[in-house]
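Trainee: Before I ask anything, here is the structure I am working with.
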Amino acid sequence: MGEEGQVISCHTVDAWNQQIQNGKNKLIVVDFAASWCGPCRAIAPFVSELAKKMPHVIFLKVDVDELKEIASDWGVEAMPTFLLLKDGKTVAKVVGAKKEDLQQTINKHAGNSSSSA
Amino acid sequence: MAVSGFEGFEKRLELQFSSHDPVIGIGLRQLDFKSVEQVLHQVQCTVVSALGNQHFDSYVLSESSLFVYPTKIIIKTCGTTQLLKSVQPFIHLATTLNLHITELRYTRGSFIFPQAQPHPHTSFQQEVVYLEDNIPTSLCYRKASVIPSKLTSHSWHVFSAGAVEYSDNVNPLDLYTVEVCMTELDQTLDRKFFRHPNDGKNGDSAGREMTEMTGINRINLNSQICDFAFDPCGYSMNGIDGDRYSTIHVTPEDGFSYASFECVGSVYNDDMADMVKKAVKVFGPGTVSVATTAASHDICTRIKATVEQIGMKCRSYSMDEFPAAGTVVFQTFTTRRNYRI
């Protein structure tokens, strides 16, 4: 799809729904961020690195100003909030720019399919 | 008391900025993270985790905390950090955003290990000299004062400088700051701030467990918490609740155990005394000091009454006026069984 290894920004509700649909059977990591949030900017390069290292995991980014209803539907109150989704359901949540915790939580839920064809 | 150990007592700096431009937007929150990290490097600390909301950004540091609002920076650091070295760089960084400093406030308690402090923190006098040398002359309403208590080991050091005199007009939201310092923590309670070796947790997940296990998460149920547990012991958290922050730092080692709770309050939120009480209960300290800046007499007496409800006795109540900061009230408490002056 040409998007593996990258963080995919969702700018519309349709794009969001599409990505969630496409990502069934995979782990999806959603980074809820905002342009005015210093901690979000601070951790963004780290998230990009994770996306590169884990092509079998889908990394999405949602700007909470752009997609307010999605942020509120998913109970995002502080930024950054990372939701880990499987089959459209939250399996884990990391609130804050916490590199080690984010990496460990993703590893725990990503399984060992990094060498998937 | 131990001959030497970790200095829990923080140094705290609050910098208020203003712009000639009526539209400030996100102001200081635009600052590039690398620039902020460089300032922290001079102070000798680093960011361990961070969390923001629509009002401000909060950072848990290797030594305490940093809060960045559009026109305000609050930074407190413990240990042997050189906090005042951040004054010039922060003022400079703000200038790049067309923001100029209008007020500065520096506060701290009494160090447990004053001999271990590096320049410019070797004495309060030195700190004041350093500040006087590093702030613009436009901050002309200045005062430095040490507010005493009946406990020789506890006094409150304040340096305040502002471009305008303090008045209720300057503080339209009636915001006030409460800084609580606790020593001689209950030894059973402070065990909870030690990590278990090889527990498979990281600093973030161990911190989250401490937040829940100790009841820190129940101090303000509306706040989002960013927490961290240090190895082998120690804990820090920032709470964000709308535009109000709270922060807790713990040094649990026997002989120099220390915990602090700080929170910003508004006369429109009436829960401050209750939060102070809950925070003190988490630690069961032998001695507590509470410094309130720009709070009404009524709020101070309410805090006194609630802290006394949990077996502490107020030993002193002193105050001082600062031309740019308003009234600072400094109260000290000890447990009733621990009555010694």
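The values are calculated or read from the model by the stated rules, or taken from the named source; none is laboratory data. Here the structure is a predicted model, which means the values were calculated and not measured. Here Cβ is always computed from backbone atoms with ideal geometry, including for glycine, and neighbour counts include all displayed protein chains. What goes into the accessible areas is simple: the full protein's heavy atoms, side chains included, and nothing from ligands, DNA or RNA. Shrake-Rupley method; radii C 1.70, N 1.55, O 1.52, S 1.80 Å.
Trainee: Buried accessible area for the B:A pair, summed, 1.4 Å probe, in Å² rounded to 100?
Mentor: Numbers: alone 14330 and 6530 Å², together 19290 Å².
Roughly 1600 Å².
Trainee: If you don't mind, another one. Do the sum for chain A: with -39,500 (n - 2.57) for every DSSP H run of n ≥ 4, divided by all residues, what is the mean residue ellipticity at 222 nm, to the nearest 500 deg cm²/dmol?
Mentor: Details: 4 runs with 44 residues, N = 117.
My calculation for chain A gives -11500 deg cm²/dmol from helical runs alone.
Trainee: Per residue, what accessible area does the stretch B:233-341 have, given a 1.4 Å probe and all protein chains present, in Å²?
Mentor: For the stretch B:233-341, the solvent-accessible area averages 33 Å² per residue.
Trainee: Apply the membrane-span-like helix rule to chain B: whole DSSP H runs, Cα extent along the own long axis of at least 24 Å, mean Kyte-Doolittle hydropathy at least 0.0. List the helices found. Please list the in-between numbers first.
Mentor: Details: long enough: none.
For chain B, where a helix must reach 24 Å along its axis and average at least 0.0, there are no hits.
Trainee: For the pairs A:LYS98/B:LYS278; B:LYS11/B:LYS85; A:LYS98/B:LYS85; B:LYS150/B:LYS304; B:LYS11/B:LYS34; A:LYS53/A:LYS108, note any where the Cα-Cα span goes beyond 20 Å. The partial results should precede the final answer.
Mentor: Numbers: A:LYS98/B:LYS278 27 Å; B:LYS11/B:LYS85 12 Å; A:LYS98/B:LYS85 27 Å; B:LYS150/B:LYS304 16 Å; B:LYS11/B:LYS34 23 Å; A:LYS53/A:LYS108 15 Å.
Pairs exceeding 20 Å: A:LYS98/B:LYS278; A:LYS98/B:LYS85; B:LYS11/B:LYS34.
Trainee: Out of the total accessible area of the stretch A:7-93 (probe 1.4 Å, heavy atoms of protein only), what percent is carbon and sulfur?
Mentor: On the way: 1870 of 3810 Å².
Carbon and sulfur: 49 percent of the exposed surface of the stretch A:7-93.
Trainee: Taking only C-alpha pairs under 8 Å that are 6+ residues apart, what is the relative contact order of chain A in percent?
Mentor: Values: 183 pairs, mean separation 38.5, N = 117.
The normalised contact order for chain A reaches 33 percent.
Trainee: Roughly how many debye, to the nearest 20, is the charge dipole of chain B about its Cα centre, given +1 on each Lys and Arg Cβ, -1 on each Asp and Glu Cβ, and no other charges? Spell out each step's value before the answer.
Mentor: Numbers: 29 positive and 37 negative charges, 163 e Å.
Around 780 debye, computed over chain B.
Trainee: Identify, among B:HIS119, B:PHE194, B:CYS314, the residue whose Cα sits farthest towards the positive end of the charge dipole of chain B, taking +1 on the Cβ of Lys and Arg and -1 on the Cβ of Asp and Glu, with the dipole about the Cα centre.
Mentor: B:CYS314
Trainee: A follow-up question, please. Would you kindly state the longest site-free stretch of chain B, with sites defined as chymotrypsin sites (Phe, Trp or Tyr not before Pro) in a DSSP loop (not H, G, I, E, B) surrounded by at most 15 other Cβ atoms within 10 Å? Mind dumping the intermediate values first?
Mentor: Details: sites that count: B:TYR268, B:TYR339.
Excluding the exposed sites themselves, the longest stretch runs over B:1-267.
Trainee: Hey, if you put +1 on the Cβ of every Lys and Arg and -1 on every Asp and Glu Cβ in the stretch B:11-338, which of B:GLY239, B:GLN30, B:PHE17 ends up farthest toward the positive end of that dipole?
Mentor: B:GLY239
Trainee: Hey, got a sec? Which trypsin sites (Lys or Arg not before Pro) in the stretch B:289-341 land in a DSSP loop and have at most 15 other Cβ atoms within 10 Å?
Mentor: Loop-located and lightly packed - B:ARG340.
Trainee: If you place +1 on the Cβ of every Lys and Arg and -1 on the Cβ of every Asp and Glu, how big does the dipole about the Cα centre of the stretch B:111-211 come out, in debye to the nearest 20? Walk me through the intermediate numbers first.
Mentor: Values: 8 positive and 13 negative charges, 55 e Å.
The calculated dipole for the stretch B:111-211 is roughly 260 debye.
Trainee: Follow-up question, since we're still on this one. Going through the stretch A:1-87, which trypsin sites (Lys or Arg not before Pro) have at most 13 other Cβ atoms within 10 Å and a DSSP loop state? Numbers along the way, then the final one.
Mentor: Details: sites: A:LYS24, A:LYS26, A:ARG41, A:LYS52, A:LYS53, A:LYS61, A:LYS68, A:LYS86; in loops: A:LYS24, A:LYS26.
Loop-located and lightly packed - A:LYS24.
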